[in-house]
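So the structure is just underneath, and the comments pick up after that.
The values are calculated or read from the model by the stated rules, or taken from the named source; none is laboratory data. The shown structure was predicted, so the numbers you read here are calculated from the model rather than taken from an experiment. Please note: Cβ atoms are built from the backbone with ideal geometry, for glycine as well, and neighbour counts cover all protein chains shown.
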Amino acid sequence: MASSAVAGEVLPEIDKLHDSLGIVLGFGLGVVLLLGLEGFLRGYEAAESTPARGFPTALVTIVTVDVFVDGLLMGSSFGAGERVGLLVTAALTVELLFLGLSMAAAMVGGGAAPRTVVAATGLIAAALALGGLIGGAFLAGLTGFWLELVLSFGAAALLYLVVEELLTEAHRVAETPLLTASFFVGFLAFYLFELFAA
């Protein structure tokens, strides 16, 4: 669903604006932020397995930041049009459903108390709402370079979800930040070539 939103709605909107600096900066910022979050999570996975009855701070922090960014993307994508906004929101909603279920299952499996699971999911839902409000109020009215930057950032974030899922399911190649970054560099180079060759 995320790849459909990127290919069918976000990339055509980026094509209309035709600002290579905005594309490179937005795409680059999206990749760097998401790879940074992934590295942060990996660093804490070894240090903090879900405590028997405690609050899994690292896990909830990472998921909360990710969901806040998703909320920003949902709100700001309406600046490119109602259809784009609805499709990006639908794609992220499906992703967030599975993210929430897997996080709650991991917490319950780790022995977290039900009130801890409810508190964590409540915090994450609040981050999504806050991100959506900020994105809708401050980013949805952007035009030109700034809209290009936000849309490119959103495209990178949505593609990141797809790449992570594909690499996780492939199991043949150990996923590394370099491998993930290489995909995005190749995608961006090919996209810019096509954009300006046309």
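Brief remarks follow.
- Test: VAL69 is of a type outside the set (D, E, K, R), at pLDDT below 85 and surrounded by 15 or more Cβ atoms within 10 Å (Cβ to Cβ): yes
- Residues in the range 103-122 that are in a helix (DSSP H, G or I) and surrounded by fewer than 16 Cβ atoms within 10 Å (Cβ to Cβ): ALA105, ALA106, VAL108, GLY109, PRO114, ARG115, VAL118, ALA119, GLY122.
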